[in-house]
Structure formats: structure tokens, C-alpha cells
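Peer 1: Pasting a structure here, questions to come.
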Amino acid sequence: MSYKATITTLTALAFLTIAGCTETAAVKENGRLDLSEQMKSSAVFLSISAAPYVQVQPWKYSDIAQRIGAGIAVGPYQVITPAKNIVDARLIKARVFGQNEYIPTKIKLIDYETNLCLIELDKNAMATPLVPVEFIADYSKGEELTYYWLPASGNLATGRGYLSKAEVQGSQTSYASYMQFVLSNTSKQTSIGQIFFNGKKAIGIACWTNDKGEAGLIPSATINRFLKSAQQPQYASIPVGGFAISPLLDPAIRKYLKMPEDLTHGVYIEKVFNLGTASDILQKDDCLLAIDGNQIDAYGRFVHPQFEQTSYRHLIAGKNIGEQIAFTVWRDGKEIQLQAVAKTFKADKMLIPFYEYDKQPQYMIVAGFIFQKLSRDYFAMWGNDFAGKVGPHIYNYYRNDAYKPTDKRRDIVILSYVLPADINLGYQKLAQLVVKTVNSQEITGIKDMQQALAIENDSKFHVIEFEMDQPTLVIPKDELQAADMKIAQTYGITQLAHIE
């Protein structure tokens, strides 16, 4: 069966809800509906072996790490789980209730922007098909929810929590933001894909937790959108804004923008990117007054009929790719109307990619000098608080230009550090420098560097210059081949370059 046919079957079967097909089996416990028996046919335990590449040694994997995840059936052999469970996975195995043997799996679709992954189980290794769950859009603030998952023990587990609010939050795996539900007073920590029910309604799966007894849910609306888009010939993720805002509270700034005193709403456009929705229509120093007629306050919020005060990002993320969005903007002392198209973009199009999951970092080793394409994963080596730990020059690129690739600068290539060798004596303390030119060729990306080093000329040296007036590298060509072979052998390097 083709992938498209499989997904079509998945969607049709999703209407066989747990609550609808076996309602009589639901047990009332202390006045609460218990769906444990039904969930035995739908919950899946996932065992994940993951091994990301080592950023500081990009030619090799890190040690294998074992993770667990919770999956829930959305088809007879398909399950959904948060994408963060599957990041850098090398092997995924599944178990279902009543079957001790692990079931081979394969990833059908993964979307790091919505933090969702669709996995298919090997039907030949399963005794019976799964019973798919239908996710229903529901938000009942203050309601007690029950959640279920299949742990490694094989015995279905359950817990409870209270739906406290809905708010737009960043995806745990990407730069995108979308509406998530927040629970409080959860009876157990939950973050790996446990399914949450409000009575008989499946309303989302868990994607984060904290030590305050709170948990976050990817809601049904996002899940159903993911599954629906998966049916299309080309999957489309959620739209992403192409600008950054800051609160507009200072009367002096409003006066500078020539805004009348009675115009108190609107938020300041602090940055406009080269990627994303409205990046082609907005300008720095604009004031965003409304989106699709929804008035934006000075904090960037609007009044949602169901979720109350909500970030403007929901008005963008809730659209489909290609849909028109109306922006009302204050510019040059007057109110104007603009039309934008809902857009998204891939992380690899960014100047500093937000993530490079499942990929080997791009790098070159020349005379012991390790040159790498800069990414957020590289910064993450220093932990979540890397801002004060990495070089200020490369951090500036991340902070201010990550979403601003141009034809003149597609990547940032850095000299990460130096593997000591005879050929690089005197340069061995250099690190975290941005490459400017190689053999007088401007470097717009790491492919340019590879091409510049391959140019044949009369010079006896490769010359590499850096930004910020850092020392210039001068590498003798006649010594390079022998030096590279010796460095590879000394440091156990199996591949001197990886460039896509």
C-alpha cells in the first residue's frame, strides 16, 4: 500500500473513537470516567536509542543514549508521539499491551515545528491491530483531566491534572510557536506523549513538564492539522512570523512614531527578518495595530473568544500555508492596510540553523584547523545559558542575524578550534573565529570554502582571513596532504570533511 493510501486509511479509522466504540466498558471510579481498558488497545511504549553527532568532533557520534516515549494509536499500525522523543534516533522499538516482544518501527513523518512525529509499526510483528483514537478539539478551563500511557512495565498507567490555561509557547524542538494547553497539579510528571482525556474526549498529548507540577499539551487542533497535512502530496507545517516585537508602553516612543494620544494599542516592530510571514511587508519601527481585524494591545496580545488574552502569534500559526493575512500597521504617521501570505521555512534556510537534528554537522579539517558551519546545536554544547559562554562575535550573529540569510551570506563558517600539529604551530590557541576570505575569495557558505581551497594558482600557500582583524592563517600547500594524513591518524578522524 502506498504512503498516501496508508494515511487515508489512518484518517478514516481515526473516527472509530475509543469512547464511541466501547463506551459500556468505561468504568466510573469515584465519579470519574476510567478508560483504562480501552486504552490497552491504543497505548504504545517506545524505546528509543539515540546518538547525536558530537559538535566538537563532528566526524563521530556520541555514545548511545536510551530514551522512552509514549505513543498513541491514530491508525491500526500508526502511532503519534512528540518529535522530541525521536530526535537523533538510531533505533526505535515499540511494545503494545499484552505482547512482550518488541515491534520494529519506522518514521513516516516528523515535524519539529509542531513537535509531532508519525511512526508506523510492523504489522507482521503484531498479534492484533491497534484501536485508533480520535482527537477532539476541547478546552474546558479548570476541568480535571485523566491521562494514560503504557510504561516499560507493560501495565497501563494513569494520572490526573487540571487544565489551568492555554497560551502560545515555543515548540520544544524548534523556533515555531503555537497554542499549547497548560495543566497544573499533575499527579505524576508527564512529558513524553501521554494522552489526556476530558471525560471521553482525547484533547492532546503531553510534551513538557516542570518541577512545579505543571505539564504542557500539544492540543487536538494541532494534532489533527498534522494528520490532515500528512495526507497531502507535500506536507506543510504551521506558518511562522517573520518579525520580532517589543512592548510599546513608552509615551515618548509613541510620540516619536507620530501616534495620536488616543491611540493606545499596538506593538512595536523591533526586527524584520528575511524569512517568514510578513517579512516582505513590514518595516522596522512599524507599529502593529491589528491582524485580520483583531486589535493587538501594547504587549502583543489580542482577546480570543475562548482563550482570553492571547499572543498575536496564534493569529499567524492558526493559518494554513498560502492563506492571506491582513495586517493593520501604523507607519510614517498614518494607519495603513497590508496583505501578507502565511509562510513557513526550514531550519536549514536560516543563517544560523535553529536545529540540525538527525544530520551530521558540516565541517572541514584543513591542516588541523576545524572549520564548521555555525548552528544553534554548536552553541548548545555550553548548555541553555550559552549566551555568556561563547565568543561575543559569533553570539551576535545568532542573536541578531539568525533569521537573516542573504545571497552574500548563507552560512556562518567558523574556525572552531585547532588540533595541534607541526603544520599549525603558532596558531593553536585560535578558536571561534568567523571566516571572511579563503585565497581572496569571499566566503558566503561552507561550500565556498571547499571551492576556494581547490582553486589552482601560483601561490605556495593557502591564505585564510577572519573577521574582526584576527590573525591570518598561512598554510603551506606542499606540506598539507602529508599533514592531513598524519592528523587524521593521530586523532582518529575517519572523514576530513562533510559538506552537503
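Peer 1: Looking for something under 30 Å from residue 73 (Cα atoms) and not aliphatic (A, V, I, L, M) - is there at least one such residue anywhere in segment 273-285?
Peer 2: Checked against the condition, which is being under 30 Å from residue 73 (Cα atoms) and not aliphatic (A, V, I, L, M), segment 273-285 yields no hits at all.
Yes/no matrix, rows are residues, columns are (1) crowded, with 16+ Cβ neighbours inside 10 Å; (2) under 33 Å from the mean Cα position of the chain (by Cα); (3) more than 21 Å from residue 56 (Cβ to Cβ); (4) of a type in the set (A, V, I, L, M, F, W, C):
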residue	(1), (2), (3), (4)
395	yes, yes, no, no
405	yes, yes, yes, no
419	yes, yes, no, yes
461	no, no, yes, yes
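Peer 1: Only one of these is in contact with a Phe, Trp or Tyr (Cβ under 7 Å, 6 or more places away or on another chain) and farther than 28 Å from residue 88 by Cβ: 340, 387, 367. Name it.
Peer 2: On the way: 387 fails: farther than 28 Å from residue 88 by Cβ; 367 fails: in contact with a Phe, Trp or Tyr (Cβ under 7 Å, 6 or more places away or on another chain).
Sole residue among the options that is in contact with a Phe, Trp or Tyr (Cβ under 7 Å, 6 or more places away or on another chain) and farther than 28 Å from residue 88 by Cβ: 340.
Peer 1: Does residue 173 meet the test of being assigned to a loop (DSSP other than H, G, I, E, B), touching a residue at least 40 places away in the same chain (Cβ under 8 Å), of a type in the set (Val, Ile, Thr) and not assigned by TED's automatic domain parsing to the domain that holds residue 376?
Peer 2: For residue 173, the condition - assigned to a loop (DSSP other than H, G, I, E, B), touching a residue at least 40 places away in the same chain (Cβ under 8 Å), of a type in the set (Val, Ile, Thr) and not assigned by TED's automatic domain parsing to the domain that holds residue 376 - is met.
Peer 1: Since residue 280 meets every condition but one in (1) touching a Cys at 6+ places or on another chain (Cβ under 7 Å); (2) outside the structural domain of residue 168 (by TED's automatic domain parsing); (3) not polar (S, T, N, Q), which condition does it not meet?
Peer 2: (1)
Peer 1: Criterion first (acidic (Asp, Glu) and more than 16 Å from residue 55 (Cα to Cα)) does residue 377 satisfy it?
Peer 2: No, not satisfied.
Yes/no per residue for (1) acidic (Asp, Glu); (2) assigned to a strand (DSSP E or B); (3) under 25 Å from the mean Cα position of the chain (by Cα):
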{"position": "204", "(1), (2), (3)": "no, yes, yes"}
{"position": "213", "(1), (2), (3)": "no, no, yes"}
{"position": "223", "(1), (2), (3)": "no, no, yes"}
{"position": "229", "(1), (2), (3)": "no, no, yes"}
{"position": "232", "(1), (2), (3)": "no, no, yes"}
{"position": "248", "(1), (2), (3)": "no, no, no"}
{"position": "264", "(1), (2), (3)": "no, no, no"}
{"position": "269", "(1), (2), (3)": "no, yes, yes"}
{"position": "282", "(1), (2), (3)": "no, no, yes"}
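Matching residues to (1) surrounded by 20 or more Cβ atoms within 10 Å (Cβ to Cβ); (2) aliphatic (A, V, I, L, M):
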site	(1), (2)
298	no, yes
313	yes, no
323	no, no
332	no, no
340	yes, yes
359	no, no
362	yes, no
378	yes, no
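Peer 1: Looking only at residues that are surrounded by fewer than 18 Cβ atoms within 10 Å (Cβ to Cβ) and among the hydroxyl-bearing types (Ser, Thr, Tyr) in segment 162-203, which one is farthest from residue 67 (Cα to Cα)?
Peer 2: This residue is 164.
Peer 1: A further question on this structure: Determine whether residue 322 is within 14 Å of residue 113 (Cα to Cα), within 24 Å of the chain's Cα centre (by Cα) and not acidic (Asp, Glu).
Peer 2: Numbers: within 14 Å of residue 113 (Cα to Cα): no; within 24 Å of the chain's Cα centre (by Cα): yes; not acidic (Asp, Glu): yes.
Against the criterion (within 14 Å of residue 113 (Cα to Cα), within 24 Å of the chain's Cα centre (by Cα) and not acidic (Asp, Glu)), residue 322 does not qualify.
The values are calculated or read from the model by the stated rules, or taken from the named source; none is laboratory data. All values reported here derive from a predicted model rather than from experimental measurement. Methodologically, a virtual Cβ is constructed for each residue, glycine included, from the backbone with ideal geometry; neighbour enumeration extends over all protein chains shown.
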